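Report on one structure; see the data block that follows.
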Amino acid sequence: MQMRTASAISTGLHVGVLLWATLSFTGETFHVTPAQSLPVDLVSEKQFSEMTKGIKEAKKPTEKPKPLVEKKADTVKPVEDLKAKVTEKQEVKATAQKAPETPPEPKPDPIAQKIKQQPDQKEAKAQPTPLPPKRPHIPQQPKFNADKIAALLDKRDPTRQAATGAELNSAPSLGTAMGNAAQLSQSELDALRARLMALWNPPVGIQDPQDYVIRIRIQLDRTGRLVSPPRVLSTGHGQLYDTARDSAVRAVFRGQPFDMLKPDHYDVWKDIEVTFDPRDMFRG
Amino acid sequence: MKPSTFDSFPFSFVGPTLNRRHVLAGAGAGALAVLAPRRAGAVLSIDINQGNIQPMPIALPDFVAGTPGEAEMARNVTSVITADLQRSGLFAPINPQAYIEKITNTDAVPRFADWRAINAQALATGRLTRQGDGRLKVEFRLWDVFAGQQLDGKQYFTSPDNWRRIAHIIADAIYQTLTGEKGYFDSRIVFVDETGPKRQRIKRLAIMDQDGFGVRYLTRGDELVLTPRFNPSTQEITYMAYGQGQPKVYLLNIETGQREIVGNFPGMSFAPRFSPDGQKVIMSLQQGPNANLFVMDLRSKQTTRLTDTPAIDTAPCYSPDGKYICFESDRGGSQQIYVMPANGGPATRISFGQGRHAGPVWSPRGDYIAFTGLIGSQFAIGVLKPDGSGERILTEGFHNEGPTFAPNGRVIMFFRDLGPGPFLYTIDITGRNELKVPTPSYASDPAWSPLLS
């Protein structure tokens, strides 16, 4: 009898546990977030040069062309614009705007200002339909900066540098006055470097390559020939240095004419400083 | 005589150089502007960080003879220089049939355009004249064809039968100016000449120029000779020989033929080598089943024991500054290379590569130690740095042994036996340009002399 009760209790409990288990554990389907496919275009180096080169017939941008920016600068620049100081008109404007808005702030914060300006416009629009604003606007820049987090996690430095600027801009521009891309293409530069690499025959006996980095200044005429003998800017001593120097000078002489450089960009390449650096070749 | 245009001068405005970091950033970001970081009006900077090491094309027209009677000797001098430079692997002499300008006056500036047209980068011209006193005057000029400058110019006086040495000396001068390193052509090789059937090989000590000319025999062949080594400072060699008795270490004066035994030790003495100053001989002495290193001062005849281990310590060789010794020992179980202070002290194992390492030789430049590697049943020639790093096999095969450095440390000579008998070979320390050295018959155990001049 005792056995029976015991087994009955046991069976009952087991059934109970099983029932509870089947009812309580609800199976949830395994979620797989669909990976977003990125559209990728394969662009040749020449096409890339052409793309970034800009087009002469392109509309002149009304505002200042922005350089390509991948990463925000760490420190926020103060509002004061160096150019504004030069022209009187703008300076007057800037001070006129600034003066009433931010007198007590110790540091003028451009982002804070922008944020401040924005709600005014929105509120003005929103007045007819009295909806509450979606997010409360924080007048000060939050201390928690996602960009800075990314910078902290980025352990790849110092081998990598993104193009930095005040704000992100992934669109390549028409080119700025400071840039050379519009004038000398990557293919021209690469061809120039490739020719000098092929012709540079450094002495094989170099043991301390850092002592044999040779800098040479060359001036070219429009046909890509040397106007005068190359001028060696670096200094050193010893027979091996003389040989290393002569090998670099010889490479420049033999490279004539540098016909891969297009006459249209003569202003860019008429004066070149070439550094012959054997450190990558002789690492011991 | 040095080119003046190349002379460096202080230059105040220098554009920022483009470093590798910028290049990487430029590649990564695809920002073209980085590669040409300067504005219009400033200097465009580019970095050339890879070169193209290849033999330098050089034109070596026949030296001009003072009188028609010396034309043949002038031609011979030129051909010896050409052969030296060609064998070094660093020069590519241009076929004389391509020459446009015929050099008749060595004092005039050559027509560089003619030499540029055949892509010569360097041009060596020279003249050979017999003086009134019977001596020979040999002069040469070395020109940089593209820069249009004279790089070197020298003249030598000697007796006419020394023309071969003068040619080697000129080849050394050209080599030094164009490579930045000392040459090695004016040097000799002492080696073991082997004749007769394999079981009754006659082994004689012989000496020759590094290009295989002027072979001279130093012993008669009535005893077995092994491991000849040059004294770095005198015309003397040390070697091991055995006739009837036990193997002993000997000293031999090459010029006088005078021979003496080194020390008077009870057992076998072997693997001798001079110290860099030539004042001492370091060698192995057999003691029962073991061998230890001893050094003997040649003046005082005083002997000092350097190692005392129950192992075979042999093949000692000094570093060029004389402060250290590298040697081979099986104290750790197999033959490996160890380094210790020259006056004794603890030894450190430096060879940890594949297989066993034997017969270490320190380069005269001090940068490498060459060795014979025993990997399986193969015998290889390799180099490693004195701290044990950078081990590299230069050549391997059935049997390669006995490396010896050229005086400038760039070339290694060794012997290779493919079965019937050994021959001498040279190889660059980069492992390129392997060449057979001409010898009258089989040859082994080469030892390269220091520069004669």
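Select, from B:Glu328, B:Glu401, B:Glu396, the only residue that is open to solvent by 60 Å² or more (accessible area, probe 1.4 Å), acidic (Asp, Glu) and over 24 Å from B:Asp209 (Cα atoms). One residue alone meets the criteria, B:Glu396. Among the residues of this structure, A:Asp246 counts as one that is buried (at least 22 other Cβ atoms within 10 Å of the Cβ) and of a type outside the set (Gly, Ala, Ser). Within region B:354-371, the residues that satisfy the criterion of being out of contact with any Ser or Thr (no Cβ under 8 Å at 6 or more places or on another chain), open to solvent by 10 Å² or more (accessible area, probe 1.4 Å) and at negative phi are B:Gln354, B:Pro364, B:Arg365, B:Asp367, B:Tyr368. For region B:123-151, a residue qualifies if it is open to solvent by 20 Å² or more (accessible area, probe 1.4 Å) and not in a loop (DSSP other than H, G, I, E, B), and the qualifying residues are B:Arg127, B:Thr129, B:Arg130, B:Lys137, B:Glu139, B:Arg141, B:Gln149, B:Gln150. The condition of being at pLDDT 90 or above and more than 8 Å from chain B (Cβ to nearest Cβ) holds for only one of A:Arg215, A:Arg231, A:Arg225, A:Arg245, that being A:Arg225.
Taken together, the criteria place A:Ser234 among residues that are of a type in the set (Ser, Thr, Tyr), in a loop (DSSP other than H, G, I, E, B) and open to solvent by less than 30 Å² (accessible area, probe 1.4 Å). The residues listed here are B:Arg116, B:Arg75; of these, the one that is open to solvent by 50 Å² or more (accessible area, probe 1.4 Å), part of a helix (DSSP H, G or I), among the charged types (D, E, K, R) and within 14 Å of chain A (Cβ to nearest Cβ) is B:Arg116. Counting only residues that are in a loop (DSSP other than H, G, I, E, B) and at positive phi, which one in region B:392-420 is modelled with the highest pLDDT? It comes out as B:Gly409.
Restricting attention to region B:78-106, the residues being within 14 Å of chain A (Cβ to nearest Cβ) and either in a loop (DSSP other than H, G, I, E, B) or basic (Lys, Arg) (or both) number 3. All of A:Met281, A:Met260, A:Met197 fail the test of being facing another protein chain (nearest Cβ under 9 Å), touching a residue at least 40 places away in the same chain (Cβ under 8 Å) and under 29 Å from the mean Cα position of the chain (by Cα), apart from A:Met281.
For region B:178-204, the set of residues classified as hydrophobic (A, V, I, L, M, F, W, C) and more than 19 Å from B:Pro403 (Cβ to Cβ) consists of B:Leu178, B:Phe185, B:Ile202, listed by residue number. Among the residues of region B:352-380, count how many are assigned to a loop (DSSP other than H, G, I, E, B) and over 15 Å from B:Cys317 (Cα atoms). Final tally of qualifying residues: 6.
Considering region B:245-303, and only residues there that are over 15 Å from B:Cys317 (Cβ atoms), part of a loop (DSSP other than H, G, I, E, B) and in contact with an Asp or Glu (Cβ under 8 Å, 6 or more places away or on another chain), the residue that is least open to solvent (accessible area, probe 1.4 Å) turns out to be B:Ile254. Among the residues of region A:263-278, those identified as assigned to a helix (DSSP H, G or I), out of contact with any Phe, Trp or Tyr (no Cβ under 9 Å at 6 or more places or on another chain) and within 7 Å of chain B (Cβ to nearest Cβ) are A:Asp267, A:Val268. As a summary of the residue check, B:Ile412 satisfies the conditions (1) in contact (Cβ under 8 Å) with a residue 24 or more places away in the chain; (2) of a type outside the set (Gly, Ala, Ser); (3) touching a strand residue (DSSP E or B) at 6+ places or on another chain (Cβ under 7 Å); (4) open to solvent by 10 Å² or more (accessible area, probe 1.4 Å) except for the one numbered (4). Name the single residue, out of those in region A:183-194 being facing chain B (nearest Cβ under 9 Å) and without any contact (Cβ under 8 Å) to a residue 24 or more places away in the chain, that is surrounded by the fewest Cβ atoms within 10 Å (Cβ to Cβ). Among them, the one singled out is A:Arg193. If the condition is being open to solvent by less than 20 Å² (accessible area, probe 1.4 Å) and closer than 22 Å to B:Cys317 by Cα, then region B:416-444 contributes B:Leu424, B:Thr426, B:Ile427, B:Asp428, B:Ile429, B:Ser444.
The values are calculated or read from the model by the stated rules, or taken from the named source; none is laboratory data. In this text the structure is predicted, and so the values were computed from the model without any measurement. Cβ atoms come from the backbone with ideal geometry, glycine included; neighbour counts cover every protein chain shown. Calculation scope for accessible area: heavy atoms of the full protein, side chains included, ligands and nucleic acids excluded. Shrake-Rupley method; radii C 1.70, N 1.55, O 1.52, S 1.80 Å.
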